[in-house]
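Take a look at the structure set out below.
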Amino acid sequence: AAADGIVKKYTLKSNDGNVKITKTNAESLLRRMGFVNRKSTKAINPLPEDFDVIKKRFIDNLKTLVVDHEVPDSLIMNWSQTVCHVVPGGDWAKEKKFTTRGMYANDQITLLLAVTKEGTLLPPQLIYSGKTESCVPKFPDSWDSTYTESCLSNEDTVIRYVEKVVIPYLKTVRESYPESKKAIAIFDKSHSG
């Protein structure tokens, strides 16, 4: 603001304005404000030594279930969940120096996707971080959008997904089969809370 009471507008040159900020200027300002670069890690848990044995046993057990119960491909579901950034970014972020962040921040959600062996993609589950329903955006009614304090899946969110998405899907598919026809759900719980 100017001394004579007239407000002077500052606009970046990239927006046809009069202010040019260089990368050096921006880095200097962020450094003086106490921000430092932080690189995200992508550590992967090592596979167990007997992974091939475990994998073969799992596949053999699954094949036996499918054959013994004559489970059709439309009733074999695989679902997995992962923590995603609401706004994707690069590997580097600016962070206040000497502060720590929780493992899961408000800029992340847990996404659960399920697909059948025949290729049908079931509606997703999106789990936001929050304490009330107001933290959840509106999505199509078939989607299961919910929240937990950490944005992580837990027993309640899995039960909710089964009740809201899986059971209605099974009821629709089972119209072509006897009601007692078995279904198989395969899921990875490694990201749940």
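Quick notes on this structure:
- The H on the amide N of residue 154, modeled in the peptide plane, is under 5 Å from the matching H of 193, each at least 5 residues off or on a different chain.
- Tensor-based shape of region 135-193 (alpha-carbon gyration tensor, a/c under 1.5 rounded, otherwise prolate or oblate): oblate
- Whole-Hz couplings from phi, Karplus 6.51/-1.76/1.60, listed for region 20-30; x for Gly and Pro: 10, 10, 8, 4, 4, 4, 5, 4, 5, 4, 4
- Taking amide H atoms as placed 1.01 Å from N in the peptide plane, the amide H of residue 84 lies under 5 Å from those of 109, 110, 111, each 5 or more residues away in sequence or on another chain.
- Segments 164-170, 180-186 sorted - mean Cβ within 10 Å per residue, highest first: 164-170, 180-186
- Peptide ranges 114-124, 48-58 listed from the most packed, as the mean C-beta count within 10 angstrom indicates: 114-124, 48-58
- For the cross-link pairs 56/138; 56/182; 20/131; 55/182; 131/182; 63/131, the ones whose C-alpha atoms lie over 32 Å apart are 56/138; 20/131; 131/182; 63/131.
- Förster radius 41 Å - calculated FRET efficiency between residue 176 and residue 44, Cβ distance, rounded to 0.05: 0.50
Rule-based calculations on the coordinates, nothing more; no lab input. Remember, predicted model here, so these are calculated numbers, not experimental data. Counting neighbours? That spans all protein chains shown, and the Cβs are built from the backbone with ideal geometry, glycine included.
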